[in-house]
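These notes concern the structure reproduced below.
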Amino acid sequence: MDYDAVIGTLTRWARSQENVRALVLTGSAAAGQVHPLSDRDIEVYVHDPAPLLDDDS
């Protein structure tokens with residue numbers, strides 16, 4: 001998987017959403033300890049989570 005492309009897409013989406021306050025990369029990728037089985041853990045901070053709960057997009 002091209003994680004850089006996925007993070008880029010997520011970042012563009014977040015910037016277009018007034019509700020999104022921040023994206024935070026955590027876990028091994030944030031610590032610079034990526035290995036072949038690493039995923040990317042991203043926390044999404046929002047003002048109001050309710051609109052996102054029913055949004056499958």
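Assorted remarks:
- 0 to 90° range, to nearest 10: angle between helix 3-15 axis and the chain longest Cα axis: 20
- Given (i) 12.7, 35; (ii) 13.5, 47; (iii) 11.8, 34, the label whose value is Rg and Dmax of the Cα atoms in Å derived from this model: (i)
- Computed from point charges on the beta carbon alone (+1 for Lys and Arg, -1 for Asp and Glu), the dipole magnitude for the chain about its Cα centre is near 260 Debye.
- Computed helical MRE - 222 nm, the chain, DSSP H runs ≥ 4 contributing -39500 (n - 2.57), nearest 500: -9000 deg cm²/dmol
- Relative contact order for the chain: 32 percent, from Cα pairs under 8 Å spaced at least 6 residues apart, divided by residue count.
- Computed from backbone phi with θ = phi - 60° and the Karplus coefficients 6.51, -1.76 and 1.60, the 3J(HN,Hα) list for the stretch 33-41 is 10, 6, 10, x, 9, 5, 10, 10, 9 Hz; x is used for glycine and proline.
- Relative protection proxy for 33-40, 18-25, from highest mean packing down: 18-25, 33-40 (other beta-carbon atoms within 10 angstrom).
Each reported figure results from applying straightforward, stated rules to the coordinates on display, with no laboratory input. Keep in mind that this is a model prediction, so the values were computed, not measured. Because the Cβ atoms are built from the backbone with ideal geometry, glycine has one as well, and the counts that use them run over all protein chains shown.
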